[in-house]
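The values are calculated or read from the model by the stated rules, or taken from the named source; none is laboratory data. From a predicted model like this one, the values you see are computed outputs, not experimental measurements. Neighbour counts run over all protein chains shown; Cβ positions are idealised from the backbone, glycine included. All accessible areas refer to the heavy atoms of the entire protein, side chains included, with ligands and DNA or RNA removed. Shrake-Rupley method; radii C 1.70, N 1.55, O 1.52, S 1.80 Å.
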Amino acid sequence: MTIKNNNWTRRQFLKATGTAGLGAIMAPVNGMATAAETPTNVPTRPFGRTGVDVSILSLGGMFNIKSNQMMMKQAIRWGVTYWDTADCYQSGSEKGIGKYFKKYPRDRQKVFLVSKSDARDPDGMTDLLDRSLKRMNTDYIDLYFVHGVYSIDELDDRTRAWAEKAKAAGKIRFFGFSTHSNMEECLLEAAKLGWVDGIMMTYNYRLMHTREMKRAVAACVKAGIGLTAMKTQGGGPVGTDSDTEMEMAGRFMEKGFTDAQAKLMAVWQNPDIASICSQMPNMSILMSNIAAAVNKTELSVRDTELLQRYARETRSDYCTGCTNICQSAVGENVPIGDVMRYLMYCRSYGDRHYAMAEFNKIPEKIRRRLATTDYLAAEQRCPQKMAIGRLMQEAIKELS
Ligand code: SF4
């Protein structure tokens, strides 16, 4: 694993926080923190062929940044200098970043800033890019994504021309897309294009070991595309009881970290992943993730096996985003993968408000179709054996 600057002692970490009473937060990470040496910062890795080194931990901006300005300052001090937002994020995410850069204009140079467009047409993308620049009080965005791509067909020659123009105008430095759906296909196809600089995709201990994902990541690395992993907790807490979960948590605790930290470390163990984008809406999570980022411990083969066994045991609780499979089985426009994700936001992330807002953006006609579709064929084809019909009904009840 090629990581730079990965050394902090627990004492130095506590000193840096300047905060009393952090024992409860640090307790699970004592082992990992004392295993470190010299204080510096969150490590960095090269981001594809861009020539830029980014912090391996990226601050996901889907929270109230306006009210968390000091946390943003602290994130920079600790080297979390890759910030991720989107035009569509709620809680005034981009405006919060704009407020920060207005107050600390010199910090703009330190941050590798990402934002995203829901639009696909060039005019729409220009409008959203200009709005993002204005909101964030900046005249450039380091990496600009087309948000939530399902298929590489959503990018075409017009997209390429738009990206080249935006780069030439100095509005963006690099271009790419994010994807929660059919990630493996999207990555493989992107690697053939030759003009995608970076991709943020769902990637975690549940997905990273499949042949398809390994092939897709290797193709992007060969093509010089920088990769950022998101949804690295693999859906967070799940409903299925699993003895492995207890065994795993106990083992990781003995080694000095939590299972949530181990899931981050599992992803960082792949040197081809430049960064992990993580929602860190408070100081506790930021600190916990930083403690994982500065830790030098490699997960053992046994650790990795436990994570994989847990993933197998709980697979029917986790949608892997392979929407081409289930959505083609129902033969109609029914956004099964999106609804599964909104359920995850609600149940695992505890963000009911955002989940409901996203669910209710689905046109009413399609929401009605969600309730009446026969999901039997989709369930038979689902590799995760998810109870799609039941989950769609529950989503309608919980999120409407
Ligand atoms: S419901 Fe099943 S088939 Fe559909 S995207 Fe999720 S895991 Fe894939």
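Going by the conditions given, is Leu299 hydrophobic (A, V, I, L, M, F, W, C), within 29 Å of Leu264 (Cα to Cα) and near the ligand (Cβ under 9 Å from one of its atoms)? Don't jump to the end; show me each part of the working.
Values: hydrophobic (A, V, I, L, M, F, W, C): yes; within 29 Å of Leu264 (Cα to Cα): yes; near the ligand (Cβ under 9 Å from one of its atoms): no.
Taking the combined requirement at face value, the residue does not satisfy it.
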Check your understanding: When only residues in the range 310-321 that are open to solvent by less than 40 Å² (accessible area, probe 1.4 Å) and part of a loop (DSSP other than H, G, I, E, B) count, which is farthest from the ligand (Cβ to nearest atom)?
Key -> Thr314
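Taking into account only those residues within the range 150-180 that are among the hydroxyl-bearing types (Ser, Thr, Tyr) and within 19 Å of Met230 (Cα to Cα), which is most open to solvent (accessible area, probe 1.4 Å)? Walk me through how you get there before you give the answer.
Quick first cut of the range 150-180, residues among the hydroxyl-bearing types (Ser, Thr, Tyr) only: 150-151, 159, 178-179.
When the remaining residues are screened for being within 19 Å of Met230 (Cα to Cα), the result is 150-151, 178-179.
Details: Tyr150: 78, Ser151: 43, Ser178: 1, Thr179: 0 Å².
This residue is Tyr150.
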Review point. In this structure, does Leu128 turn out to be farther than 17 Å from Ala216 by Cβ and either open to solvent by less than 10 Å² (accessible area, probe 1.4 Å) or in a loop (DSSP other than H, G, I, E, B) (or both)?
Key: no
Exercise for review: Could you check how many residues of the range 273-285 are assigned to a helix (DSSP H, G or I) and either within 13 Å of the chain's Cα centre (by Cα) or buried (at least 22 other Cβ atoms within 10 Å of the Cβ) (or both)?
Suggested key: 0
Revision key, fill the gap. Within the range 324-359, restricting to residues that are in a loop (DSSP other than H, G, I, E, B) and open to solvent by 60 Å² or more (accessible area, probe 1.4 Å), the one that is farthest from the ligand (Cβ to nearest atom) is Gly350
Check your understanding: Just wondering, is there one or more residues in the range 201-208 that are modelled with pLDDT of 95 or more, buried (at least 24 other Cβ atoms within 10 Å of the Cβ), hydrophobic (A, V, I, L, M, F, W, C) and assigned to a strand (DSSP E or B)?
Key -> yes
**Study point:** Every residue from the range 226-272 that is closer than 17 Å to Ser316 by Cβ and either assigned to a helix (DSSP H, G or I) or in contact with a His (Cβ under 6 Å, 6 or more places away or on another chain) (or both)
**Key:** Asp243, Thr244, Glu245
Review point. Which of the residues belonging to the range 182-200 are touching a Cys at 6+ places or on another chain (Cβ under 8 Å) and open to solvent by less than 10 Å² (accessible area, probe 1.4 Å)?
Key: Asn182, Leu187, Ala190, Ile199, Met200
